[in-house]
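Data block below; observations after.
The values are calculated or read from the model by the stated rules, or taken from the named source; none is laboratory data. Remember, predicted model here, so these are calculated numbers, not experimental data. Note that we place each Cβ from the backbone using ideal geometry, even for glycine, and neighbour counts take in every protein chain shown.
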Amino acid sequence: MRILIADDHEIFLDSLSLLIATFPDVELVGNCKSGTEVINFVKNDEIDLLITDYRMPLMSGIELTIFLRQHYPEIKVLMLSVSEEAEMIREAFQAGVWGYMMKRAGKTELQKAIQTIKSGQKYFSESVVFELMRLGLTDNIPKDDIPHEFSQLTEREIDIIRLLANELSSGEIAEKLFIAPKTVETHRHNILKKLNVKNTVGIIKYAIKNGLVD
């Protein structure tokens, strides 16, 4: 697999290049600091996978993904981001990325993402899968990537998990979601059963483990 990297932060770009160069069965063919450089590169060289930052000057990672889908549909895109903001994930998913993961991810997860995409499947980190489920955008996610507990949770329950993990009380959650405190408690009880945990601490631990804390 021939890989090209794009990021406007030179230190991160150099570090990522050195890391990917150590992976087996892949070839790092270059790195770029902007979407324009990527477009000029793919005009003359074939690549299989572009690993790009979400935010770049002049042309964002989203705009670059859309351009590649239109003109070079054989090129797959793995998006890297520092944000798990729902709208950013939605934009990336709808633009047609083959993967979306956090920049804070380690070597093992990055290698797993590349190998997953190389095998013809899409890759999304667990916290991103969580957001895609909340947004109802799971049609193209491999079923094995969706934790069993996630598939049982409703959109409202997902919201409450995140708020509990951010230390909001039932009263504060009720006020924020415009529902009754008693309704929050009903949801909390259902969440405990679905996650198979004993108390709110268990819910918070689950949220932290799966990267759901803002």
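Looking at segment 65-94 only, could you name the residues that are modelled with pLDDT of 90 or more and either under 18 Å from Ser34 (Cβ atoms) or in the same structural domain as Glu155 (by TED's automatic domain parsing) (or both)? Walk me through it before giving the result.
Initial filter on segment 65-94 (modelled with pLDDT of 90 or more): 65-80.
Within segment 65-94, Thr65, Ile66, Phe67, Leu68, His71, Tyr72, Ile75, Val77, Leu78, Met79, Leu80 qualify.
Within segment 65-79, count every residue that is farther than 20 Å from Glu10 by Cβ and outside any loop (DSSP other than H, G, I, E, B). Working first, answer last.
Of the residues in segment 65-79, the ones farther than 20 Å from Glu10 by Cβ are 65-77.
From what is left, the residues that are outside any loop (DSSP other than H, G, I, E, B) are 65-71, 76-77.
Summing the residues that are farther than 20 Å from Glu10 by Cβ and outside any loop (DSSP other than H, G, I, E, B) in segment 65-79 gives 9.
So that you can scan it fast, the table gives a plain yes or no per residue for (1) modelled with pLDDT of 90 or more; (2) of a type in the set (A, V, I, L, M):
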residue	(1), (2)
Glu167	no, no
Ser170	yes, no
Lys176	yes, no
Thr186	yes, no
Leu192	yes, yes
Val197	no, yes
Lys209	no, no
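Do we have Glu84 as within 23 Å of Ala105 (Cβ to Cβ) and not in a helix (DSSP H, G or I) here? Outline the logic, then answer.
Numbers: within 23 Å of Ala105 (Cβ to Cβ): yes; not in a helix (DSSP H, G or I): yes.
Answer is yes for this residue.
With respect to Ile62, determine if the residue is buried (at least 20 other Cβ atoms within 10 Å of the Cβ) and either at pLDDT 95 or above or assigned to a loop (DSSP other than H, G, I, E, B) (or both).
Numbers: buried (at least 20 other Cβ atoms within 10 Å of the Cβ): yes; either at pLDDT 95 or above or assigned to a loop (DSSP other than H, G, I, E, B) (or both): no.
Criteria not met by Ile62.
Does Gly99 count as among the small types (Gly, Ala, Ser) and in contact with a Ser or Thr (Cβ under 6 Å, 6 or more places away or on another chain)?
Working: among the small types (Gly, Ala, Ser): yes; in contact with a Ser or Thr (Cβ under 6 Å, 6 or more places away or on another chain): no.
Against the criterion (among the small types (Gly, Ala, Ser) and in contact with a Ser or Thr (Cβ under 6 Å, 6 or more places away or on another chain)), Gly99 does not qualify.
I'm trying to understand the selection: among the residues of segment 90-115, which are assigned to a helix (DSSP H, G or I) and touching a strand residue (DSSP E or B) at 6+ places or on another chain (Cβ under 6 Å)? Before you say what the answer is, go through the steps one by one.
Quick first cut of segment 90-115, residues assigned to a helix (DSSP H, G or I) only: 90-95, 107-115.
Result: Ala92, Ala113.
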